[in-house]
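Following: one structure in structure tokens, then a few remarks.
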Amino acid sequence: MQARVKWVEGMTFLGESASGHQILMDGNSGDKAPSPMEMLLMAAGGCSSIDVVSILQKGRHEVTDCEVKLTSERREEAPRLFTRIHLHFVVTGKELKESAVARAVELTAEKYCSVTLMLEKAAEISHSYEIIEA
């Protein structure tokens, strides 16, 4: 995997993936675009959500929506690493079984989400979920 990041102006940078997708990043605490740390947090949510939806769909569960709300804590001093990240999944669907959602969250946490598995080397990662009937 490859990518590049190019300075635009001020503390704004443009990232481009090898697949040609671009995203703006802002080093001024997210003034014009997400900061790199905000993007890392969103990457954890995106990676794990993809897993949860995919696992449920493969199990033929009717998922109509999935949102993950992330909260985090960071060190006060530099480097301002994440120390804690919590992912709370809100999964909506028709007759979703709690055991299926619990298993999907467990699998993303323990086996599939590369981002959170990498981040857990530095931060405490926790997960929770709730199910909403569609």
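Is there a residue being part of a helix (DSSP H, G or I), closer than 23 Å to LYS121 by Cβ and open to solvent by 70 Å² or more (accessible area, probe 1.4 Å) anywhere in the stretch 42-61?
yes
A quick yes/no check of all residues on (1) open to solvent by 80 Å² or more (accessible area, probe 1.4 Å); (2) under 17 Å from LEU41 (Cα atoms):
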| residue | (1), (2) |
| --- | --- |
| SER72 | no, yes |
| ARG75 | no, yes |
| ALA78 | yes, no |
| PHE82 | no, yes |
| ILE85 | no, yes |
| GLU95 | yes, no |
| SER99 | yes, no |
| ALA104 | no, no |
| THR108 | no, yes |
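Quick one: is CYS66 out of contact with any strand residue (DSSP E or B) (no Cβ under 7 Å at 6 or more places or on another chain), modelled with pLDDT of 95 or more and open to solvent by less than 90 Å² (accessible area, probe 1.4 Å)?
When the stated conditions are applied, CYS66 does not pass them.
Give THR83, THR116 a once-over and let me know the one that is part of a helix (DSSP H, G or I) and either polar (S, T, N, Q) or touching a Lys or Arg at 6+ places or on another chain (Cβ under 7 Å) (or both).
Of the residues listed, the single one that is part of a helix (DSSP H, G or I) and either polar (S, T, N, Q) or touching a Lys or Arg at 6+ places or on another chain (Cβ under 7 Å) (or both) is THR116.
The values are calculated or read from the model by the stated rules, or taken from the named source; none is laboratory data. The structure displayed is predicted, hence computed values, not measured ones. Note that each Cβ is placed from the backbone with ideal geometry, even for glycine, and that neighbours are counted across all protein chains shown. We work out accessible area using only protein heavy atoms, side chains counted, and drop any ligands, DNA or RNA first. Shrake-Rupley method; radii C 1.70, N 1.55, O 1.52, S 1.80 Å.
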